[in-house]
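Notes follow once the structure below has been shown.
Every number in this text was worked out from the coordinates using simple rules, so none of it is lab data. All figures in this text were calculated on a predicted structure; none of them were measured in a lab. Here the Cβ positions follow ideal geometry from the backbone for every residue, glycine too, while neighbour counts run over all protein chains shown.
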Amino acid sequence: MSDLPQAAIYTPDRALDTLTEWLGVPVDAADFPKTELRYRNDRAAQTVGLSDLSDEDWAKHFGRFEPLEGNYPRPLALKYHGHQFRNYNPDIGDGRGFLFAQMRDNDGRLMDLGTKGSGPTPFSRSGDGRLTLKGAVREILATEMLEALGASTSKTFSVVETGEELQRGDEPSPTRSAVMVRLSHSHIRIGTFQRLLAHEEPDQMAGLIDYCLAQFPGPPPPADAPGRDEPAVRLMHNVVERMADLAASYMVAGFVHGVLNTDNMNITGESFDYGPWRWLPEWDASFTAAYFDHGRLYAFGRQPEALHWNCGQFAVALRLLADTEPLVFALERFGPLYMEAIARRWCWRLGVEPRGLELDSQLVSACEKSMRDTKIQPDLFFFAHRGGRGFDTHDVADSELAALISQYTPVKDDHAYWDDETPQSMVIDEVEVIWSAIDQHDDWQPLTDKVAALRRMGAAHGDAPIPSGHAD
Ligand code: AMP
Ligand code: MG
């Protein structure tokens with residue numbers, strides 16, 4: 001992963017044009033009292049050919065939402081339903097965001113620019129349609145950290161401060177406002193399909209499935225999968241494969257998303273929509289991110305189960321077009337795929353060559369046990385054991401584990417990051433320090449420095465291995 005990707009030529013592609021009749025409603029952005037550019041992600045912009053924009057034009061497009069050339073003349077607030085903490089809610093949809101533009105990236109992938117905090121829509125209910133600046137800063141940090149740890153995630157593309165005072169129960173208020181733009185490999189959610197089931201719209205669902213298969217192609221289902229030629233079944237397999245890998249990527253990253261509702265689940269398996277997320281201070285399956293998650297439904301160790309459950313809801317929606325049996329067949333692949341993904345991603349983060357699923361799974365268990373016993377911070381654990389090093393500090397020393405890891409071949413790893421004294425991490429104290437510099441002194445340097453440090457860690461890790469059988 002080089003620091004700046006190969007520059008793309010801006011290539012608009014209104015791929016959703018045939019679905020916009022029913023997929024969303026045209027809306028306008030709020031007229032903000034100010035639009036002060038706070039963060040532009042030139043690395044992400046380069047992948048879609050938008051890094052040459054002047055700051056002035058950037059604020060025009062991503063603060064005032066003047067249409068991009070060749071793109072949608074008006075943004076679209078997307079319609080969807082979803083299970084929120086397992087309760088079905090038909091009264092959601094883009095309540096503070098919209099789809100702004102679509103374009104190809106330098107790999108030819110279809111990408112969306114979508115917003116958060118761009119003003120009210122017909123789906124806002126009692127909400128103000130706004131985003132806090134702190135929320136935007138937190139989303140920058142989450143996406144950069146996840147990307148550096150090899151997870152598939154949306155990119156935080158832009159943050160513009162908008163000069164309003166917001167009242168929020170979970171932040172000292174009044175608090176500053178912002179509008180964020182996210183670069184995302186689609187905004188089609190499991191909840192988008194759930195809404196079509198609820199409204200009994202088989203034709204629209206068939207059109208949406210065709211769109212997903214054409215725009216986000218995946219490998220064909222296994223040879224023994226029933227109904228493997230049916231579009232709905234093919235998509236179900238792809239979504240299960242992606243969600244299993246996404247669940248594994250959260251676990252290997254030590255990341256707790258916090259709100260794994262079906263409206264926050266992208267069909268492409270790309271993680272997005274970061275609210276009350278946390279990184280683990282220590283390896284604890286019960287660690288919960290959202291203060292309002294009283295039942296610990298989305299605790300760290302329950303994330304694979306949550307994503308599996310969401311896949312189950314996707315299958316229920318697809319029942320509008322497909323039989324149960326082939327969908328259940330696909331759903332049952334989640335567990336084995338998740339085990340493979342954990343082993344593959346764990347070895348990757350540890351910097352060792354995989355030795356086969358059984359041995360690698362034993363290694364994962366031994367590492368987890370060691371982390372639980374020592375209470376070491378997980379980022380430090382991986383850093384210390386990277387490539388079988390097994391730092392000889394009292395925090396890390398575990399002779400049994402060291403013996404196990406020593407049977408593995410380290411990957412070639414000469415990045416200077418591995419010689420640092422401490423690894424990059426994203427525990428809550430550091431997040432608060434970074435926010436506090438902005439809040440108290442309008443000092444953005446700690447954030448800028450952190451993003452640079454995370455990208456350096458990402459370069460040291462390189463790209464995460466992709467599942468076997470996957471072309472993209
Ligand atoms: P989330 O939990 O962020 O995925 O949001 C769930 C639903 O609530 C989505 O439909 C959001 O658009 C909506 N929502 C969240 N916050 C606000 C807000 N401040 N104003 C309007 N709608 C909101
Ligand atoms: Mg959401």
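Of the listed requirements (1) touching a residue at least 60 places away in the same chain (Cβ under 8 Å); (2) more than 16 Å from ligand 2 (Cβ to nearest atom); (3) not hydroxyl-bearing (Ser, Thr, Tyr), residue 270 misses just one: (2). For the stretch 283-296, filtered to residues that are surrounded by fewer than 21 Cβ atoms within 10 Å (Cβ to Cβ) and of a type in the set (Phe, Trp, Tyr), the residue that is farthest from residue 84 (Cα to Cα) is 287.
Among residues of the stretch 441-465 that are outside any loop (DSSP other than H, G, I, E, B), those with a Cβ under 9 angstrom from a residue that is hydrophobic (A, V, I, L, M, F, W, C) and loosely packed, with under 13 Cβ neighbours inside 10 Å, sequence gap 6+ or separate chain, pair up as 446/433; 456/416; 460/416.
Condition check: of a type in the set (Ser, Thr, Tyr), within 16 Å of ligand 1 (Cβ to nearest atom) and closer than 27 Å to residue 212 by Cβ. Does residue 291 satisfy that? Judged against the criteria, residue 291 is not a match. Going by what's in this entry, would residue 110 be described as away from ligand 2 (no atom under 16 Å from the Cβ), more than 23 Å from residue 306 (Cβ to Cβ), under 18 Å from the mean Cα position of the chain (by Cα) and touching a residue at least 40 places away in the same chain (Cβ under 8 Å)? So residue 110 fits the description; yes.
Just so you know, in the stretch 138-165 the residues that are within 17 Å of residue 97 (Cβ to Cβ) and assigned to a helix (DSSP H, G or I) include one that is nearest to ligand 2 (Cβ to nearest atom), and it is 139.
When we screen 62, 100 for residues that are within 23 Å of the chain's Cα centre (by Cα), among the aromatic types (Phe, Trp, Tyr) and within 16 Å of ligand 1 (Cβ to nearest atom), the only hit is 100.
Quick grid of which residues meet (1) acidic (Asp, Glu); (2) away from ligand 2 (no atom under 16 Å from the Cβ); (3) within 19 Å of residue 426 (Cβ to Cβ); (4) surrounded by fewer than 23 Cβ atoms within 10 Å (Cβ to Cβ):
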{"site": "264", "(1), (2), (3), (4)": "no, no, no, yes"}
{"site": "275", "(1), (2), (3), (4)": "no, no, yes, yes"}
{"site": "278", "(1), (2), (3), (4)": "no, yes, yes, yes"}
{"site": "281", "(1), (2), (3), (4)": "no, yes, yes, yes"}
{"site": "302", "(1), (2), (3), (4)": "no, yes, no, yes"}
{"site": "309", "(1), (2), (3), (4)": "no, yes, no, yes"}
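Among the residues making up the stretch 174-227, those that are assigned to a loop (DSSP other than H, G, I, E, B) and either aliphatic (A, V, I, L, M) or under 15 Å from residue 315 (Cβ atoms) (or both) are 188, 221, 223, 225, 226, 227. Right, residue 216: of a type in the set (Phe, Trp, Tyr), buried (at least 18 other Cβ atoms within 10 Å of the Cβ) and away from ligand 2 (no atom under 16 Å from the Cβ) or not? So residue 216 fits the description; yes.
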